[in-house]
Structures are given as C-alpha cells and as structure tokens.
Amino acid sequence: MRTSNSPVILGDSRQGDVQPTLPKNRRVSGLRKLGRVTAIAVVIGSGSISAACAQNCHNINPHGDQPFGQATNQRPGACDFQLRNGFPVPDPSCTPGAFNPTITVDVIDDPEFSTKCIRDQATIPRQKAVTYSWYRLRRPSHNDGQDQVCELDHLVPLELGGADTLDNIWPQCGPNGVGLRGRYFKIKDMVENYLTAMVKGGKMDLDEARKGIGTDWTQYLETARRVCRGERCRI
C-alpha cells in the first residue's frame, strides 16, 4: 500500500491503478416540554417572529453503539480501503459499522425526529478526524463547499439510526477531477436516501438496511440511481 503526503484518491488517473490506502435580536424564548423532548424556539426581532422546527429525540441514548464486528486495528496506518463495484468501502477491522439500538423504526418514522439528536454527541469532529490517520490519509486543509473532497462519513447513516461512534466513522474521499456531486460521499448519500425511503415505506426491515449498508453500500447503488432524484426516491 502506498503512503504519500496527500490522500491517494480512487479515480485519480495520475495515480494509475493505485489501490486506495484509502468536512440586534432579542433573546430566544418559548421552550416547552410536552411529555417528551420537544423544543420550539421563537426568535423575536425587528417586528418579525420565526419558529425553529420542533425536534423530538424520544429519550434516545445518543451514545448507543452496537457494532457489526470487532474493531481490532483502530490505530494509525493499520487500515486499508477495499473496493466494491469500483467504489471504496472501509476496512471492517477498523470501521465495522455500528448502529444505535435505542433508535427504532418508530423513532425514524417520526417526522419530528432529527439527526441533530445524535450528530456529534458520542464523538466530536476532532475525535472523528483521527480516522484519517488510521487510513494513512492527510486531513484536507480546505474541505468545505464546492472544494470538499472528503467526508467523515457515518457508514450506517444517522437517518437509519447509525451510531455516532468511531466504530461507524470512516474518511470517504475522492475521486479527483470531478465536481462536488461526483464525489463518492455524495453518491453514497443517494444510497442512504434510498434505504431510508425503503424502511419508512415498510418495504425493507431496518436491521436488514443497516447490515446491508454496513457491509457493502455499493450493492444498492444501481437501484438507487434508478429510483432516486436528489433526496426523493420512488419506491
């Protein structure tokens, strides 16, 4: 496996066939509890009133972590990307994938449930960034907006109750020479949207969706491309 001063990105023709080693208002008022964790923030200023979206966290445990396997190599330089259908997937000995067992189908089906209930609760971004070193990648210095080339991805997405722990985080980078929509993490987003729609539509078991994307997210890509446009999927 190759180590360099910059990420080796799949799809970069300059790398040949290198396998990857492989971002003056008044105060907020109006906090209410309605027998569950629901918060509505009303911001008053300049004669206008706006309401933030209600959020129901269902008393879940944001630190919940049930991995699909044992992570035995979570250390710098020990992890290697694998290829499935021409796309990178993480090393299961480093990123086995994990879900939060306190997030059930009923929670996911609730339109008031938000991934904000989970995101960066068990691990903060600085802790997640350690995964770059596991896979022998340098953390990109400019990695946002149209310049984003890597994402610290939840292998099992938060929309499906993925865990916010390092068992479920991997740096998904590349390929070079494409726009933002062509990045691998954007392509995987389509698969996540498809599986979430299938689960919410009662056409796939939640455990099956979690295990499937945690094992090989690319196996659903052909179908997702056929039925999804952006965040909308016809199932």
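The values are calculated or read from the model by the stated rules, or taken from the named source; none is laboratory data. Remember, predicted model here, so these are calculated numbers, not experimental data. Neighbour counts are summed over all protein chains in view; Cβ atoms, including those assigned to glycine, are modelled from backbone coordinates with ideal geometry.
Structure notes:
Yes or no, residue by residue, for (1) outside any helix (DSSP H, G or I); (2) at negative phi; (3) modelled with pLDDT of 95 or more; (4) in contact with a strand residue (DSSP E or B) (Cβ under 7 Å, 6 or more places away or on another chain):
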site: Pro140; (1), (2), (3), (4): yes, yes, no, yes
site: Glu159; (1), (2), (3), (4): no, yes, yes, no
site: Lys186; (1), (2), (3), (4): no, yes, yes, no
site: Glu192; (1), (2), (3), (4): no, yes, yes, no
site: Ala197; (1), (2), (3), (4): no, yes, yes, yes
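- Summed over the stretch 67-105, the residues that are in a loop (DSSP other than H, G, I, E, B) and either among the charged types (D, E, K, R) or at negative phi (or both) give a count of 25.
- Total residues in the stretch 92-138, condition over 14 Å from Pro62 (Cβ atoms) and among the β-branched types (Val, Ile, Thr): 6
- In the stretch 83-104, of all residues being exposed (fewer than 15 other Cβ atoms within 10 Å of the Cβ) and within 18 Å of the chain's Cα centre (by Cα), the one that is farthest from Lys128 (Cα to Cα) corresponds to Thr104.
- Residue check, Leu221 at pLDDT 95 or above, under 12 Å from Val105 (Cα atoms) and surrounded by 15 or more Cβ atoms within 10 Å (Cβ to Cβ): no
Quick grid of which residues meet (1) more than 27 Å from Val105 (Cβ to Cβ); (2) touching an Asp or Glu at 6+ places or on another chain (Cβ under 8 Å); (3) buried (at least 20 other Cβ atoms within 10 Å of the Cβ):
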residue	(1), (2), (3)
Pro140	yes, no, no
Gln172	no, yes, yes
Leu180	yes, no, no
Ile187	no, no, no
Arg210	no, no, yes
Gly214	no, no, yes
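- Conditions (1) surrounded by 14 or more Cβ atoms within 10 Å (Cβ to Cβ); (2) in a helix (DSSP H, G or I); (3) under 16 Å from the mean Cα position of the chain (by Cα): number failed by Ser133: (3)
- Residue tally, condition assigned to a loop (DSSP other than H, G, I, E, B) and within 12 Å of the chain's Cα centre (by Cα), over the stretch 161-180: 4
- If you go through the stretch 121-130 and keep only what is surrounded by fewer than 14 Cβ atoms within 10 Å (Cβ to Cβ) and in a loop (DSSP other than H, G, I, E, B), you end up with just Ile124.
- Single unsatisfied condition, Ile108 versus (1) within 17 Å of the chain's Cα centre (by Cα); (2) in a loop (DSSP other than H, G, I, E, B); (3) not charged (D, E, K, R): (2)
- For Met204, the conditions (1) part of a loop (DSSP other than H, G, I, E, B); (2) touching a Phe, Trp or Tyr at 6+ places or on another chain (Cβ under 6 Å); (3) aliphatic (A, V, I, L, M) are fulfilled apart from (2).
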